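Trainee: Would you mind keeping the following structure in view while I ask a few things?
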Amino acid sequence: MGTALIYDDEMTNYKLLWVDSICNIEVPERLTVCYEALMRTGLADRCVSIPVREATDADILLVHSEEYLEAVKKTPYMTLAELMEFTLQYGDVYFHPNIYHCAKLAAGAALQLVDSVMTGAVRTGMALVRPPGHHSMRSAANGFCVFNNVAIAARYARQKYGLERVLIVDWDIHHGQGVQYCFEDDPSVLYFSWHRYEHQKFWPNLRESDYDTVGKEKGAGFNINVPWNRVGMRNSDYLSVFFHILLPVAYEFCPDLVLVCAGFDSAIGDPEGEMCASPDIFAHLTHLLMNLAGGKLCAVLEGGYNLTSLPQSVCQTVQTLLGDPAPPPGSLEGPCRSALESLHCVRSAHKPYWSCLKYAADLPTSESSSKHDKLAEETKDKAEKETVKEEKVWPEPQKRVCPPVRAALILPDNVTCPAGCQRFSSTEGLDPATISKLREKFSKDGENNSSLTTLPSLVALVDKMENHEIYSGLALVQDVSMAMTCTVQHAAALFQRVLIVCVGDMVEQKPGTEDGKTLLVQFSGNISDKPIGKYHVPVCLKKGCGDVSGFMHAVLSLLLPLGYEYDPNLVLLVRMPGCGIWDSVWQQLTGLLQGLAQGHTLILMQEEEKPCFVPTVSCLLGNAAPSLASLCAPLPEDTEEVEKLRYHLQADWKLLQTTAPEPQ
Ligand code: X5A
Ligand code: ZN
């Protein structure tokens, strides 16, 4: 448990000493504004503060050449003229007499973070560092970077802790070509990067930053580039790539550790990225990665040059690492056409390597349609260039609500309440009329008296969630179907939107409504008698919920996009008895769904399912789900079912799209 924060003032002690209009955005204030924001919001105090250290020569040599290291070692003794001269051999970078010291601290900070996470001192953490790292190469500084902090950390983690698989997620808006070169032929490190590309017109203008560079030899398939060919990408575009590329592949890869090249020049207001994603989105990107690798996630700062959006984004990331529920994703309009084209290209390029992409659409064989589009783009780009860049404004992220009670449990008397939770049996605040109405309504079968007693508590619990007094809840009940019907009725009256996720077969009629107040997604082994509709999504899986790959695929590329676009105020997660889901998969589902509805998840389980109730509660408390074994290919029938549903529903739910519509 716990989140590390690694920071040292010393890394602010270097700066650009001459005039250079490219490098002048990389300023010491980048770091101070982030740290001050973390202090001001109280987030820093909630973290475990870990000291930096200098990376040793041996650490640096894990990635860089001896010649390069020796050359950088001389920079502290150079005159200004010599520094300028030295700088000239590299691209878009500057040196300073103290940068070598800072670069050793930056790499060392990443290693301290890996050590704290791998020894279990903390579960996750963030290192705030300068200089950044992902552009630097074996023998070259580049793009404000001197040593490749994250690449060094990945090799170090593999070596020192014997890790087999490390995932690097690079959400900085530039391509971390240094990281790509380092691991191109290495299947043990999966490198994912999205980056502003504009058909190679954007820095560093490399052919090999495009989607078709997938890695070489044994490493083929382990390098994923998502080029952004337009500026102005939004939250929907980023999330689409997570749902339809990164997450399915990452779950199939099954990393032992996740490293994030956490650059925030991908946020709105950044002069480099010129994108429009809000700082809040980093809460979701972080959350979506936090159930991989048993939650072992290390975020290391890379870029980010807008001194307002940078600290906001850093705070969102750290607050999520601390376990606070993410803010509402807001209304997502779906990915733009250019993002869909990128998505389509990446998925088809990686089809041969990942079974989750096996059924991805091929690219059109004729280049004509894409050429047509490129032409249109170029004309539009020219028009855009002539308009003056406007200063972007955006609202400050809302304070994230943190109700006093994290998880409230409704339990039979003979079950003890796990630490950190509150036993909930109160019906206080409920008027007696409501209680007797409930009894009347649900006692038609008469005898089942004891199951009726939990219903009023459930209703009271839902009320308290609506009041933000309680985040999440779990009830072990005698009759799940009855509890579900009752809860849905009450919740639909109270909340604008309720997402009902039902795992297993339902005995009675389906709950839910067609007016949008509820969205029902049901996973089962049986074909539904009710047809597919915008708000009724039956997912029929071959082995019910027993096939891990098929089920996870459906969760990542169907349920999550639906859930995010629907943006519920409450998630009701129902586990039908005998549904056959594996405990670890159930925990993943529980963890992932908490990114929705500001963590307002209510879980209903049958009393007999006691053995898995403690692990479920652990997920509600913000602990990571255990890692799944690396996933084999889902059953073709299951993939087909998910594809069929996505196809049916994508007119209503734009986040399900993975290809651009044909140009007319
Ligand atoms: C780490 C980072 C950007 C370099 C931009 C050079 N570097 N034009 O964001
Ligand atoms: Zn960057």
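Read-outs throughout are calculated quantities, based only on the coordinates presented, and are distinct from any laboratory measurement. Since we're looking at a predicted model, the values are computed, not measured. Heads up, the Cβs are rebuilt from the backbone with ideal geometry, glycines too, and the neighbour counts pull from every protein chain shown.
Trainee: Can you put E36, E607, E252 in order of Cβ neighbours within 10 angstrom, beginning with the fewest? Present the calculation step by step, with values, prior to reporting the outcome.
Mentor: Numbers: E36 13, E607 19, E252 23.
With the fewest neighbours first, E36, E607, E252 line up as E36, E607, E252.
Trainee: If a/c stays under 1.5 just call it rounded; otherwise compare a/b with b/c (prolate if a/b is bigger, oblate if not). Do that for region 513-608, with a ≥ b ≥ c from the square roots of the Cα gyration tensor eigenvalues. Intermediate results must be reported in sequence, preceding the final value.
Mentor: Numbers: a/c = 1.45, a/b = 1.13, b/c = 1.28.
Rounded shape, in that the Cα axes give a/c under 1.5.
Trainee: For region 1-147, just say rounded, prolate or oblate: build the C-alpha gyration tensor, square-root its eigenvalues into a ≥ b ≥ c, call rounded for a/c under 1.5, and beyond that prolate if a/b exceeds b/c, oblate if not.
Mentor: On the way: a/c = 2.56, a/b = 1.51, b/c = 1.69.
Oblate shape, in that a/c is at least 1.5 and b/c is the bigger or equal ratio.
Trainee: Only four residue types carry charge here, +1 at the Cβ of Lys and Arg and -1 at the Cβ of Asp and Glu. Report the dipole size of region 212-300 about the Cα centre in Debye, rounded to the nearest 20. Let's see the in-between values first.
Mentor: Working: 5 positive and 10 negative charges, 44 e Å.
So the magnitude is around 200 debye.
Trainee: Find the relative contact order for region 539-609 and round it to a whole percent, using C-alpha pairs within less than 8 Å whose residues are 6+ positions apart.
Mentor: On the way: 66 pairs, mean separation 28.2, N = 71.
40 percent.
Trainee: Taking the DSSP beta bridges in the chain as the whole, what percent of them are antiparallel, to the nearest 5? Could you put the intermediate results ahead of the total?
Mentor: Details: 3 of 71 bridges.
Counting only bridges with both partners in the chain, antiparallel ones make up about 5 percent.
Trainee: Could you compute the FRET efficiency for T119 and D583, with r as their C-beta to C-beta distance and R0 at 35 Å, rounded to 0.05? Show your work: numbers first, answer last.
Mentor: Numbers: r = 26 Å, r/R0 = 0.76.
Between T119 and D583 the formula returns 0.85.
Trainee: Another question, if that's okay. For the chain, with the dipole built from +1 on Lys and Arg beta-carbon atoms and -1 on Asp and Glu ones, taken about the Cα centre, which of V122, G580, M290 lies farthest toward the positive end?
Mentor: Value computed over the given set: G580.
Trainee: Beyond 49 Å, what share of the Cα-Cα pairs of the chain remains, rounded to the nearest whole percent? Write out the running numbers ahead of the final one.
Mentor: Values: 31522 of 220116 pairs.
That fraction is 14 percent.
Trainee: In addition: Per the Debye formula with a single identical scatterer at each Cα and no solvent contribution, what log10 I(q)/I(0) holds for region 184-230 at q = 0.14, 0.22 Å⁻¹?
Mentor: The Cα Debye sum returns log10 ratios of -0.32, -0.68.
Trainee: Also, quick follow-up: Take the Cα atoms of region 225-331, build their convex hull, and give its volume per residue in Å³. Write down the numbers at each step before the final one.
Mentor: On the way: hull volume 10.7 nm³, N = 107.
Spelled out: Cα convex hull of region 225-331, divided by residues, is 100 Å³.
Trainee: Among the listed pairs K74/K160; K351/K534; K392/K654; K351/K542; K216/K351, which are separated by more than 19 Å between their Cα atoms?
Mentor: K74/K160; K351/K534; K392/K654; K351/K542
Trainee: Using a 10 Å Cβ count of at most 11 others and DSSP loop calls, identify the longest part of the chain lacking such trypsin sites (Lys or Arg not before Pro). Don't skip to the answer; put the middle values down first.
Mentor: On the way: sites that count: K74, K201, K389, K399, K444.
Excluding the exposed sites themselves, the longest stretch runs over 445-664.
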